[in-house]
Every structure is written in structure tokens, then in C-alpha cells.
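Note sheet for the following structure.
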Protein chains: 2
Amino acid sequence: MKQVPIGVSARHIHLSLEHIERLFGEGYQLNVLKDLSQPGQYAAAETVAVVGPKGRFDKVRILGPARGKTQLEVSRSDAFALGMNPPVRESGHTEGTPGITVIGPAGQVDIEEGVIVAARHIHFHRDDAARWGIADKQLLTVKVEGERALIFEKVLARVSDQFALDMHIDTDEANAAGVKTGDVAVILS
Amino acid sequence: MKQVPIGVSARHIHLSLEHIERLFGEGYQLNVLKDLSQPGQYAAAETVAVVGPKGRFDKVRILGPARGKTQLEVSRSDAFALGMNPPVRESGHTEGTPGITVIGPAGQVDIEEGVIVAARHIHFHRDDAARWGIADKQLLTVKVEGERALIFEKVLARVSDQFALDMHIDTDEANAAGVKTGDVAVILS
């Protein structure tokens, strides 16, 4: 049975180096609060505020390290509260997505694009993928059990020797399925 | 193919006659804003505020007519914002659920129980259920198509000659599935 641990992603932001400096000051370095399941990735001690047309979130966790482009990942419930309608996208694919205002202690940045609802996906280490016959970019069907049992279709496989086995869903998806981080999903096909 | 229209339930409240009077004044009658898909049910023009341990919602729609017991239905995302952890329950089954403070223009009520996350369900008119061989209380498997396609398991069938065919899911479930009111689901089994 192809069992995968579930990691629930709450709203969070990835920042470019340039934006870290504009929000926190020149030469600023993020502090590590907690390591994440993917090697080298961490939740930073720092948060920012994000301000949309109809609402704001005051403490959005920054995930490090810095990326090439700033990207805010929200659930659709979050997007509704902000007054926005971002598309479901794979991380990094932000062309044509809405922008937002990001506020830090040292300044404010208005990004022109970068707000997405993250497409659900499973990170596979190359060895796990090989063992189970799963290819990068394959769309999988994945079941979760329990009171709100459901089967997610079109779950994107992402394979790399930099990845650890983990299924990432957002808070809407976790709530709809009645699961939390650490629960287990099963790949059906 | 057993196609069912989807109705997405945003957070809402059903009030007892006693609570309508305590919140809006003696002898108060709710006004109809819009009829709902189920015969005789309506969204009232009136709203109330609800206040939980960590958050509040200022404009929660009342659904009428009055019921025997007051019941607040929220998504799990809503519950988190309120600072509560209500169980997933069938409507009307509120024993042992948390209470909340409800505020209207004429007064405030602290209900001792009645906050639930509504269990997803399909209303069937008796004739639809008979035609498709579906029994009251049966648990169904239901598919929705699209970018976030998924299959809901354990969808409760509710059969009555007072019901119109409609599948009710909450906003978390709708967001996870990428669907909205008026979209169509298919009963697989």
C-alpha cells in the first residue's frame, strides 16, 4: 500500500531576497523557527501582514529560504476573506496571478503578481517514486479515510532527490477531508 | 447518470422562536430575503453576530422558518477563526456540541450547545430516491469534476416528500473541490 504522510499548508509567503530587505531592512537574514519536512526548507520566526481589497491577515508566516520570486499561498477561504480570486497553481507558476500588498516592520511591497491557491501535490524522493513507479508531473488519485473520507483526484506528483515523501494540501482541503498534519493518505492510482 | 445539483452552504444560523424574540424583540417576525432550494425554507433579511472565544462574525445569515432549537452551522475554517472545535454532525443532532454567544439588535443569547460543522448530505424527494434505489440515511459516494476533482465518500442521503434534489456541502468542501452553487455532482454508488 502506497502510504503518504499528509502535511497541511496554512497560508504562508515565500519572499525574494530583494523583498526581504525592503520589508525587514538591508542585509536582513530570516531566523529559523522550525525546519519543515522538505530538506532545507523552514518556517521563519518572522511574519508579514498582507492586505487585499476586502480584508487583511496580520501574521502570515514566511517560509525560507528566499526564493527567486515572492509568492503568497492562500486557501480559497482565505482568498474570499481578502476579496480576491487567485487561480489554483503549481508553486512557482505565478504568471497572470493577482498581486497584493505585503507589509513588514521596515517597509511595504506591492507585488504585481504572486498570489495563488496551491495545487495539491505529493513530494516524492526519487527513490520512493522509482519504487512505486511514479513519474514527475503524473496526476494521482489519493484516498483519505475517516469521518469525512474522500478521494482526491488530480494530485500532482513532484519528484526530486531533494524531496522527502509528503502530501501537501491546503486548509480547505484538510478541513473538507477531516484530516490534519501527520495523518496518512493512500495512493490508489 | 445520477446527477445532483450542488448547493454550497455558507455559515448560517437557525433560531428558535424564543431566541428570535430575545434577539429581535417580542412578537418579531423574520422577513424573507430569498427562498432556498428546499420547499418552505428561506434566507431571512436579518443577520446576527456570533462571538466565539477567539473571534466573531458580525453578519451571520438567519435561515427560516424558526426551528425547535437554535443551531449555528459553520465550516471548520470558520470554527478555527472563532476558536472552536465543533463536531461534524447531521442537522438537528446537537447533543454535546459547543455553545456560543449570539447577538441581535434587541438582545443577546448564550446558547449552551448548537454549534456544528454540517455533515455533507443530499436531499432527495421521495420520487427521486425511489427511481434511483436510494434509501433514507444511506451513505453515498459522489464525484465532482474539474480542476480540483474529487470523490466525496460518506455523503448522507436524506429522503422526504418535503425535499427537493440538492447536495449540500460547506464552503471548505466547495473550495477543496473547486465547485460553486449550481454545479453538478454525480452519485457513483
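The values are calculated or read from the model by the stated rules, or taken from the named source; none is laboratory data. Everything numeric here is computed off the predicted structure, so don't read it as measured data. Here the Cβ is made from the backbone with ideal geometry for all residues, glycine too, and neighbour counts use every protein chain on show.
Out of A:Glu73, A:Glu46, report the one residue that is touching a residue at least 60 places away in the same chain (Cβ under 8 Å) and surrounded by 16 or more Cβ atoms within 10 Å (Cβ to Cβ).
The match here is A:Glu73.
Every test in (1) closer than 20 Å to A:Arg11 by Cα; (2) surrounded by 17 or more Cβ atoms within 10 Å (Cβ to Cβ); (3) free of Cβ contacts under 8 Å to residues at least 40 places away in the same chain is passed by A:Gly92 save one, and that test is (2). When B:Ile116, B:Ile100 are checked against the criterion of being away from chain A (no Cβ under 14 Å) and at pLDDT 95 or above, B:Ile100 stands alone in meeting it. Scanning segment B:31-53 for residues that are over 14 Å from B:Val102 (Cβ atoms) and over 18 Å from the mean Cα position of the chain (by Cα) gives B:Asn31, B:Pro53. Per the listing A:Gly133, A:Gly146, the residue uniquely more than 14 Å from every other protein chain (Cβ to nearest Cβ) and at positive phi is A:Gly133. Quick one: A:Arg120 ticks every box in (1) of a type in the set (Lys, Arg); (2) touching a residue at least 40 places away in the same chain (Cβ under 8 Å); (3) out of contact with any Lys or Arg (no Cβ under 9 Å at 6 or more places or on another chain) except a single one, so which number is it? Single failed check for A:Arg120: (3). Output the residues belonging to segment A:104-128 that are in contact with a strand residue (DSSP E or B) (Cβ under 7 Å, 6 or more places away or on another chain), buried (at least 17 other Cβ atoms within 10 Å of the Cβ) and more than 14 Å from A:His168 (Cα to Cα). Matches in segment A:104-128: A:Gly104, A:Val109, A:Ile111, A:Gly114, A:Val115, A:Ile116. Only a single criterion out of (1) within 11 Å of chain A (Cβ to nearest Cβ); (2) surrounded by 14 or more Cβ atoms within 10 Å (Cβ to Cβ) is not satisfied by B:Leu139, namely (2). Can you tell me which residue is farthest from the other protein chains (Cβ to nearest Cβ) among those in segment A:167-185 that are free of Cβ contacts under 8 Å to residues at least 40 places away in the same chain and at negative phi? Per the criteria, the residue is A:Ala177.
Residue count for segment A:82-136 satisfying the condition of being of a type in the set (A, V, I, L, M, F, W, C), farther than 21 Å from A:Ile187 by Cα and part of a loop (DSSP other than H, G, I, E, B): 2. Within 12 Å of chain B (Cβ to nearest Cβ) and among the small types (Gly, Ala, Ser): does that describe A:Ala81? When the stated conditions are applied, A:Ala81 passes them. Among all residues of segment B:153-164, there is at least one that is away from chain A (no Cβ under 14 Å), in contact with a Leu (Cβ under 6 Å, 6 or more places away or on another chain) and either assigned to a strand (DSSP E or B) or closer than 28 Å to B:Gly83 by Cα (or both). Over 28 Å from B:Asp127 (Cα atoms), part of a loop (DSSP other than H, G, I, E, B) and over 15 Å from the mean Cα position of the chain (by Cα) - does that describe any residue in segment B:54-77? For segment B:54-77, residues over 28 Å from B:Asp127 (Cα atoms), part of a loop (DSSP other than H, G, I, E, B) and over 15 Å from the mean Cα position of the chain (by Cα): present. Looking across segment B:6-20, the residues that are surrounded by fewer than 18 Cβ atoms within 10 Å (Cβ to Cβ) and assigned to a helix (DSSP H, G or I) come down to B:Leu17, B:Glu18. Taken over segment B:78-126, the criterion of being of a type in the set (Lys, Arg) and within 17 Å of the chain's Cα centre (by Cα) is satisfied by B:Arg89, B:Arg120. Of the residues making up segment B:21-40, those that are buried (at least 16 other Cβ atoms within 10 Å of the Cβ) and touching an Asp or Glu at 6+ places or on another chain (Cβ under 8 Å) are B:Phe24, B:Tyr28, B:Leu30, B:Gln38.
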